[in-house]
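The values are calculated or read from the model by the stated rules, or taken from the named source; none is laboratory data. These figures come from a predicted structure and were not determined experimentally. Note that each Cβ is placed from the backbone with ideal geometry, even for glycine, and that neighbours are counted across all protein chains shown.
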Amino acid sequence: MAYTLYYSPSGASMAVHWMLIEMGLAFEARLVDIDTGAQRDPEYLRLNPAGRVPTLTIDGIPRTESAALLMLLAERHPETLLAPAPNSPHRAEWLELMVFLANTLLPAMRDWFYADTDGEAQGAQAVQTLARRRIEAAWDRLDAHVADGRDYLIGGRLSTADFLAIMLMRWSRNMPRRATDWPHLGPYINRLRTLPSFVEVNAREGLSDWSNPPSA
Ligand SMILES: N[C@@H](CCC(=O)N[C@@H](CS)C(=O)NCC(=O)O)C(=O)O
């Protein structure tokens, strides 16, 4: 099987990029720099009509949506154990958390970062106020989830939920309150960002502003 990931540094593609590295799979990474508008290039729009990253082509067929891609990869490579099996006691909690991250937290992040362009510029501040409230409520929920000092979100082992959560937590690094400011999320994040695959994805995407060892 051939995988090609279309990514932009620090974008919603980062979790997929990180997971592909962690899995040790062969894949090609193609830069679609959203800072230069490359996501609106007609050639890219043929793969991803929404003009967003990520896109993962699997044997030439384009697939989108970061959370779906993480779950799809885990399903296609069950030997990597990056998602609880359907009969696992952790399956329900994993599904719940994946949908929460993708369905509640990620759209609030989108509203925070794109309030003026997805909506009307004059309403942007109100959109951001609501988005911030939702994002901080998510940190409250996730902080309570890891308050027992667990290393990973689900089932005592690394899973797709960690890739997605850490990516979203990283996006808060310049927000008024960062995920790292929460008492239990801070240590959880610091443990996860020592993973060699996380260090590697940062290096491959040229990112150094959420450094490891952490400075924030
Ligand atoms: N729900 C999508 C969101 C993708 C998304 O919003 N990606 C952003 C980067 S974080 C993007 O491509 N932005 C470029 C644009 O909207 O023009 C997913 O999870 O894959």
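Observations, loosely collected:
- Verdict on Thr104 being within 16 Å of the ligand (Cβ to nearest atom), closer than 30 Å to Ala131 by Cβ, free of Cβ contacts under 8 Å to residues at least 40 places away in the same chain and among the polar types (S, T, N, Q): yes
- Number of the exception - Arg76 against (1) more than 20 Å from Ile135 (Cβ to Cβ); (2) near the ligand (Cβ under 10 Å from one of its atoms): (2)
- Residue count for the stretch 150-181 satisfying the condition of being under 13 Å from Pro84 (Cβ atoms) and among the acidic types (Asp, Glu): 1.
- Within the stretch 39-67, tally of residues that are among the aliphatic types (A, V, I, L, M), surrounded by 12 or more Cβ atoms within 10 Å (Cβ to Cβ) and either within 8 Å of the ligand (Cβ to nearest atom) or outside the structural domain of Ala12 (by TED's automatic domain parsing) (or both): 2
- Neighbours by Cβ (under 6 Å, 6+ apart or cross-chain): first from the stretch 43-54, over 14 Å from Glu65 (Cβ atoms); second at pLDDT 95 or above and outside any helix (DSSP H, G or I): Tyr44/Val32; Leu45/Gly51
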